[in-house]
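Below is one structure, written out as structure tokens, with a few remarks after it.
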Amino acid sequence: MFWISTVTISLDFSILRGAMRSIEQLTEEILSLPNESRALLADKLVESLEFDTDSAIQAVWITEAKRRRDEVRDGAVQPIAGEEALAQVRRLILSGK
């Protein structure tokens, strides 16, 4: 069991010892978690990745991501599904705008 923020996620890591559990099985278990837990876990996983990026560029992107997150949380913008966003982009490209 490990803690992510204030949400507890319980996984049986004893099976992971000895490589008995596949990534697919782990993924299946993680995907069965509630949305909030998966979002927190995803955030922690992304934070754990090491990127060789310029710290100034990274700071700008973090600020932008937080601004966009806050706009959604405050209701200033309405998010759309990724498939719909891509469809809109494709229509714009095809229309030549």
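Observations on the structure shown:
- Note on segment 52-97: percent of Cα-Cα distances in each 5 Å bin, starting at 0 and stopping at the bin with the largest distance, equals 5, 18, 12, 15, 18, 18, 11, 1.
- When you count the other C-beta atoms within 10 angstrom of each residue and take the mean per peptide, 73-80, 48-55 line up highest first as 73-80, 48-55.
- Counted charge near ASP74, where neighbours are those whose Cβ lies closer than 13 Å (Asp, Glu -1; Lys, Arg +1): +3
Rule-based calculations on the coordinates, nothing more; no lab input. Small disclaimer: the values here were computed from a predicted structure and weren't measured. So basically every Cβ, Gly included, is an ideal-geometry build from the backbone, and we count neighbours across all protein chains shown.
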